[in-house]
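K.L.:
What follows is a single structure, and I will ask about it in a moment.
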Amino acid sequence: MTAFIFDMDGCLLDTIWLWHAAEQRILDSAGITLTKEQRDELNAFTLEEAGAWFHEKFGIMGDGSEVAQAIVDYMLDYYRTKAEANPGAVEFVKAVRELGAPMCVLSSSPQAFIQAGLGHAGIKDLFAPDLVISAEDNGLTKRNTSTFEFVCAKLGTDPADTLLFDDSWYALATAQECGLRTVGVYSNDNCGTHEELSRYCEKVVDDFTELDPREFM
């Protein structure tokens, strides 16, 4: 049976803008404007990597961990009290669960963000606790195929029988390289335009209302 892997920010939840707002707040405080190449580089980082990058590249704050903590302080309350699911996401996940297909969350966010955001949006309890996975907390990154090998092993599925739903072109590209099937869920151009996502996906949609899980089985 086909297995389903879901990204969180920008895919299941309408929260990718929150990351960009937190990062922009850091940049504005230092009077820095990023180039497109720098923005693309930043988008692929985990929270810890982003904090180190801000400090090492621009000398922001005392060290990378201080930058990362500033981002956490800005974002965590939103996840706990305001995070909402993207259109059709809850219904789609429920439909996958009813079909009995293996499924998990794979997010680059820290587990604290994942638990708070999925909990407030009413999605967390649809997944087995050990299949709500933080790449960062496991020392993984969606830039490496080993991450998707790890997740497929957790699901007990072959990559060829596993679908990734993600809004970031680099994650989709890595998953495709690993042999997974891929579906792009557009969030904004910073994560990937429709054209960029389509290079690495069998399908690109604007939200889950356009999808029926049975078409992938």
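The values are calculated or read from the model by the stated rules, or taken from the named source; none is laboratory data. Keep in mind it's a predicted model, so treat the numbers as computed, not measured. Cβ sites come from the backbone with ideal geometry, for glycine too, and all protein chains shown count toward neighbours. Note: accessible area is taken over every heavy atom of the protein model, side chains too, but ligands, DNA and RNA are not part of it. Shrake-Rupley method; radii C 1.70, N 1.55, O 1.52, S 1.80 Å.
K.L.:
Filter region 152-200 down to residues that are outside any helix (DSSP H, G or I) and of a type in the set (Phe, Trp, Tyr) and give me whichever is surrounded by the most Cβ atoms within 10 Å (Cβ to Cβ).
P.N.:
Going through region 152-200, the residues outside any helix (DSSP H, G or I) turn out to be 156-158, 162-168, 179-193, 199-200.
Within this subset, residues satisfying the condition of being of a type in the set (Phe, Trp, Tyr) are 165, 186, 200.
Values: 165: 28, 186: 19, 200: 22.
Among residues in region 152-200 that are outside any helix (DSSP H, G or I) and of a type in the set (Phe, Trp, Tyr), the one surrounded by the most Cβ atoms within 10 Å (Cβ to Cβ) is 165.
K.L.:
Which ones in region 12-42 are open to solvent by less than 20 Å² (accessible area, probe 1.4 Å) and not in a helix (DSSP H, G or I)?
P.N.:
At the first step, the residues of region 12-42 found to be open to solvent by less than 20 Å² (accessible area, probe 1.4 Å) are 12-13, 15, 18, 22-23, 26-27, 42.
Listed by number, the residues that qualify are 12, 13, 15.
K.L.:
Restricting to region 135-147, name every residue that is part of a helix (DSSP H, G or I) and either in contact with a Leu (Cβ under 6 Å, 6 or more places away or on another chain) or modelled with pLDDT under 95 (or both).
P.N.:
Once the filter is applied, which keeps residues that are part of a helix (DSSP H, G or I) and either in contact with a Leu (Cβ under 6 Å, 6 or more places away or on another chain) or modelled with pLDDT under 95 (or both), region 135-147 yields 136, 137, 138, 147.
K.L.:
Determine, yes or no, whether residue 131 is modelled with pLDDT of 95 or more, in contact with a Leu (Cβ under 8 Å, 6 or more places away or on another chain) and surrounded by fewer than 22 Cβ atoms within 10 Å (Cβ to Cβ).
P.N.:
yes
K.L.:
Could we say that residue 45 is within 20 Å of residue 186 (Cα to Cα) and open to solvent by 10 Å² or more (accessible area, probe 1.4 Å) here?
P.N.:
It is true that residue 45 is within 20 Å of residue 186 (Cα to Cα) and open to solvent by 10 Å² or more (accessible area, probe 1.4 Å).
K.L.:
For residue 208, work out the one condition from (1) modelled with pLDDT of 95 or more; (2) under 14 Å from the mean Cα position of the chain (by Cα); (3) hydrophobic (A, V, I, L, M, F, W, C) it doesn't fulfil.
P.N.:
(2)
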